Structures are given as C-alpha cells and as structure tokens.
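Beneath this line is the structure, given in structure tokens, with notes to follow.
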Amino acid sequence: MSDDFISLANKGVQKLHPYQAGKPTSELERELGIKDIVKLASNENPLGLSNSVVSALEKELESLTRYPDANGFYLKQALANKYSVDLNQITLGNGSNDLLELVARAFVDSNHEVIFAEHAFVVYPIVTQAIGATPVVVKAKNYGHDLEAMAEAITSKTKLIFIANPNNPTGTFLEQDELHAFLEKVPSDVLVVLDEAYFEYASAERRGDAIAWIKTFPNLIVTRTFSKAYGLAGLRVGYSISNPTIADILNRVRQPFNCNALALKAAETILEDKEYLEDSIVLNDAGMKDLTAFFEKHDLEYIPSMGNFVTVNVGQSGDEVYQKLLLEGVIVRPITGYGLPQHLRISIGTFVENQRFKEALVNVLNLQEEK
Ligand SMILES: *Cc1c(COP(=O)(O)O)cnc(C)c1O
C-alpha cells in the first residue's frame, strides 16, 4: 500500500509550501520561558480591541447557537452606505484572503496564467498554484510593482492580475494615475484584483478612490479588510467590491457561512467607531516616523512604506537577525521567502513596543547608541 500522498495531490499543490505566519507570542513565551514579548510580525493593530467592539460582542454571544446571517446583510448595508455602492456589489470573506482565493477558484482554470509582482503578497502564488494555474511573476521595480512590465506580460492565457496597493511586505505604493493608466491597458476579459488591505493607512491625499473606477473598469475587483487598521485580525473578515455580476459569481462559490456572527457584528460596530480608526492612523504615523528616523540615524536602508509596517535592510542574513531578536523577546518578520534575504519587515507597534524593538536591534547589530 502506498503512502505517497504527495504524488496524489494536485500538480500545483505538490509544489506549494505551507504559509509561514508570524510566530505567535505564546509560542515564543513557551520556548524562552519569558513574558513581556513584543510581536511586530503580522501587521496587526497595536491599539488592541476597541471598547465599542468588546461591548457589541458581549451582547452577540447569545446568538452563537444559531448560524450567522449567510448574507451578512447589516455589514453589507453599512459598507454600501460608506462607499456609495449597491449591496449586490459586495462580497464578504473570511478575511480578505478568502476573497483572493474565491476570485481565483471562480474564474481561473489550470490552463490560465495569473500575473503578480515579485516581492508581492504570498497569498497570490498560493491561490494560483493551488488551482494548477501558471504564476507569471513580474520583476519588481524599486521593490514595488512595475506596472508597465505587468501590462506587457499579459497574454491570451492571462485571466487574472493581482496588485497590492500598498504592497506587503515592501510597503510600496502606486499612484492613482499610474494605476488608472494600467487599467486602461488591461483587456476587459482579464480580471484585476486591487488588494487594498492597507488602504486606511495610505496617505488620504494620494490613495484616491479605486471603488469609483469599477463603473469604468467592470473587470476591477477591490478587496479590503478589517484585519489591519480596524484591528480585527483574529475575527477574520474582509470584503470585495466589484461589478454585481462578479459578486454574484463569487457568492456562488463561497462557503455559505464564511463570515461568522462575531466577525459580522464586530465589523459593523468598528465601521461606526470613527475614533478608533483615527487613533490607529495617528499612532501608526508617529511610530513610522520614530522607526524610520531610527533607521536613518543608524544608516540602515529602509523601503519607504505606506502601510503599518516598514521593511529594513539589515545588511546581513535577515533570518539570523530575526533569530537573535527572538532571544531579545522581539518577534519581527524575516522575508527571505519573498526574495529579500537581508530585509526584515517590522510592524509598527505602540511607542513602548517600538522602543523595545529599537533597543533589541541596537544590541543585535551592535549599533552605536550615540550616533
Ligand atoms: C494582511 C493582508 C491581507 C488581508 O488579510 P486578511 O485575510 O483580510 O486578514 C490581504 N492582502 C495583503 C497584501 C495583506 O498584507
């Protein structure tokens, strides 16, 4: 009897590796036997859960013996109001990762090509390979998307293009006119997913309104999430806004209850909580200034970021520096898997967390304190 199940798996799946998540704090606590660990590894919101969400969830607990609203009506209504779109343009997901996969599963076959950029979000190759389609990775320009090269990479087999703006893990940002010019070059039967997971953090003057472009470009799908600026990563809720026909197709393939009751309630609540979002952005801007000033002071090259994280070149093996930082009780993210072996991605934390990170990096890299 054979136990070679790898050879039984779909061809694309055989080549996949499991997603490497940021190390959980509890795991490092177990390993080192210390408390007070700082995790700046998964671009989570350092503000903690909003009080408005805590109260709403306490009330929602009673409902948990029932299935959630399979259509997420109230959350969709809130989003439709916020973005001036119709309810039937919205698809909810178990995190926005769910939507990235839904789009691929619903539209892409194994004989299609999917385009995305070098150093772009790791979920794009995962969902592409899982369905046996061919990933077309376009070389990055200044660590970000080279939209001209991406447009040139389109062939008759191209079905889908993923763009992250701002990009993770590099934080690079595409201006609205560049993106618009790109969309004009994409044939109407090629879908473009514009992944705006960090939209709320990007400069309000420069981030524009891609949702308004869906009228002009019906092949455009915009995805966003409650995991980052809204602070609900653990609940798993995100959404896409698209042409209604695309939303209808996504709704056919999604699992009926892909958003749980607590996630729906929390997302609805946090959308109303303007103060939480403002506080998140203010804290992030201050932390970003603090960390980038620190990198400049120590001549560490970093990639200017529009997200809630910053990627820095440590001038040596990022994996090794990561390991040494763990011993200092600080978890960051090595990104060798993204083709950046000397960089580390640091999520912006609270003032105290950022301080801990800076002190740990000074120790690990032997930086001069008085420079
Ligand atoms: C964090 C992130 C997501 C969102 O993940 P969720 O599934 O919504 O938690 C999507 N795209 C990018 C580029 C991200 O960094």
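Scanning region 144-184 for residues that are part of a loop (DSSP other than H, G, I, E, B), in contact with a Gly (Cβ under 7 Å, 6 or more places away or on another chain) and of a type in the set (S, T, N, Q) returns Asn167, Asn168, Thr170, Thr172.
Being more than 16 Å from the ligand (Cβ to nearest atom) and open to solvent by 50 Å² or more (accessible area, probe 1.4 Å) is the requirement here; does Val190 meet it? In short, no.
For every residue, the table says whether it meets (1) within 21 Å of the chain's Cα centre (by Cα); (2) in the same structural domain as Gly307 (by TED's automatic domain parsing).
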position	(1), (2)
Pro24	yes, yes
Leu28	no, yes
Gln77	no, no
Asp86	no, no
Gly95	yes, no
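Taking (1) hydrophobic (A, V, I, L, M, F, W, C); (2) touching a residue at least 40 places away in the same chain (Cβ under 8 Å); (3) within 15 Å of the ligand (Cβ to nearest atom) in turn, Ala21 satisfies each apart from (2). Against the conditions (1) more than 16 Å from the ligand (Cβ to nearest atom); (2) within 22 Å of Ser347 (Cα to Cα); (3) in contact (Cβ under 8 Å) with a residue 24 or more places away in the chain; (4) not polar (S, T, N, Q), Ala181 satisfies every one except (2). Go through region 32-52 and give me each residue that's more than 16 Å from the ligand (Cβ to nearest atom) and either surrounded by 13 or more Cβ atoms within 10 Å (Cβ to Cβ) or touching a residue at least 60 places away in the same chain (Cβ under 8 Å) (or both). Listed by number, the residues that qualify are Leu32, Ile34, Asp36, Ile37, Val38, Leu47, Gly48, Ser50, Ser52. Selection over region 222-255 of residues that are away from the ligand (no atom under 14 Å from the Cβ) and among the polar types (S, T, N, Q) gives a count of 5.
Residue-wise test of (1) in contact with a strand residue (DSSP E or B) (Cβ under 6 Å, 6 or more places away or on another chain); (2) under 29 Å from Ala70 (Cβ atoms).
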| residue | (1), (2) |
| --- | --- |
| Lys185 | no, no |
| Leu191 | yes, yes |
| Arg206 | no, no |
| Ile211 | yes, yes |
| Lys215 | no, yes |
| Gly231 | no, yes |
| Ala247 | yes, yes |
| Phe257 | no, yes |
| Ala263 | no, yes |
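Each residue in region 53-99 was checked for being without any contact (Cβ under 8 Å) to a residue 24 or more places away in the chain and among the aromatic types (Phe, Trp, Tyr), and 1 pass.
Residue by residue through region 336-370, note down the ones that are part of a loop (DSSP other than H, G, I, E, B) and in contact with a His (Cβ under 9 Å, 6 or more places away or on another chain).
Gly339, Leu367, Gln368
Scanning region 86-113 for residues that are surrounded by 17 or more Cβ atoms within 10 Å (Cβ to Cβ) and farther than 20 Å from Arg252 by Cβ yields a single hit, Glu113.
State yes or no: is Val352 within 20 Å of Leu32 (Cβ to Cβ) and in the same structural domain as Val38 (by TED's automatic domain parsing)? Judged against the criteria, Val352 is a match.
Among the residues of region 42-84, which ones are acidic (Asp, Glu) and part of a loop (DSSP other than H, G, I, E, B)?
Glu44, Asp69
Just so you know, in region 151-172 the residues that are under 16 Å from Asn219 (Cβ atoms) and within 16 Å of the ligand (Cβ to nearest atom) include one that is farthest from the chain's Cα centre (by Cα), and it is Leu160. Restricting attention to region 94-128 and to residues that are more than 12 Å from the ligand (Cβ to nearest atom) and assigned to a loop (DSSP other than H, G, I, E, B), the residue that is farthest from Val190 (Cα to Cα) turns out to be Glu118.
The values are calculated or read from the model by the stated rules, or taken from the named source; none is laboratory data. All values derive from a computational prediction rather than experimental measurement. Note that we place each Cβ from the backbone using ideal geometry, even for glycine, and neighbour counts take in every protein chain shown. Each accessible area value is taken on the protein alone, full model and side chains, heavy atoms only, with ligands, DNA and RNA left out. Shrake-Rupley method; radii C 1.70, N 1.55, O 1.52, S 1.80 Å.
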